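The numbers here are math on the coordinates, done by the rules we state, and not lab data. Keep in mind that what you see is a predicted model, and the values were worked out from it rather than measured. Neighbour counts run over all protein chains shown; Cβ positions are idealised from the backbone, glycine included.
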Amino acid sequence: MCDYEYDCDCFDDELIETSYRLPLIGDDAPEFVAKTTNGEINFPADYEGKWVILFSHPADFTPVCTTEFMTFASMQDEFKALNTELIGLSIDSVYSHIAWIKKMEEIEFNGMKNTKVTFPIIDDLSMEVATKYGMIQPNVSTTSAVRAVFIIDPKGVIRTILYYPASTGRNFAEIKRILQALQKSDKDNIATPANWQPGDPVIVPPADTTAEARKRVEAGSNAKTEVKDWFMVVKK
Ligand code: BEZ
């Protein structure tokens, strides 16, 4: 009996379990050693103490991927300021990656020009890393990755997973917003409401005992805290 939601009649169950298991939020990020455009990386050991955005793209020298890389490259300093390193990946060679990012320097898009990609891009011709991270989604392609994004915290734990189809370029402002929300939640033990942006009010974690719920309602709102109900307290 197959436990997977997608139709897997054409796959061997054991292959699916070992090859196509998707990592989950809260899992330790799978370890790997990989060849990249910046030399070999040993993950996550080389990135201890840093946030990492590990992302895959379907192929080098494709238009949507080019706009994504130019956009991410233009935000490299913003991510560095958030103690965050970027790592790209596709099922292409390091030589292809080098030729592609060199070509990108000549392309203008959305006001970006002379764009230099300085973050590493993994050569995953063996598909080892892509397979470990569930970036190969076989009903789409067995030889290229989908657009996956993994946000991994400084302890090497997966905190966010996003998957986009090949035809849709990613929203990098949203990826940065998620990272900022995670960092804010970790620092202040709060949650962030819908469409939260840095500086906006935050949500106090829900009361998990009757006594705590009663205490919150009795204390009521003040200059910094608005009690909307026993389960919903907003902090400025
Ligand atoms: C692109 O990056 O343009 C692309 C890649 C794979 C499929 C479709 C579009």
0 to 90° range, to nearest 10: angle between helix 210-219 axis and the chain longest Cα axis: 70 degrees
Evaluated at q = 0.15, 0.18, 0.26, 0.27 Å⁻¹: base-10 log I(q)/I(0), Debye formula over Cα of the stretch 159-223: -0.64, -0.80, -1.16, -1.19
Modelled FRET efficiency - R0 22 Å, residue 40 with residue 75, Cβ distances, 0.05 increments: 0.30
DSSP bridge pairs, the chain: antiparallel proportion in percent, nearest 5: 75 percent
Inter-site label distance for residue 187 and residue 200 at 7 Å from Cα along Cβ, in nm: 1.7 nm
Proximal lysines relative to residue 102, as straight alpha-carbon distance under 26 Å, when same-chain residues fewer than 8 apart are discounted: 35, 80, 113, 116, 176
Simple Cβ-charge dipole of the stretch 143-201, Lys/Arg +1 and Asp/Glu -1, about Cα centre, in debye nearest 20: 160 debye
Dipole magnitude of the stretch 42-147 about its Cα centre (Cβ charges: Lys, Arg +1; Asp, Glu -1), debye to nearest 20: 120 debye
Mean separation of Cα contacts under 8 Å (6+ apart) over length of the stretch 22-118, as relative contact order %: 27 percent
Computed magnitude of the charge dipole of the chain (debye, nearest 20; Cβ of K, R +1, Cβ of D, E -1): 1380 debye
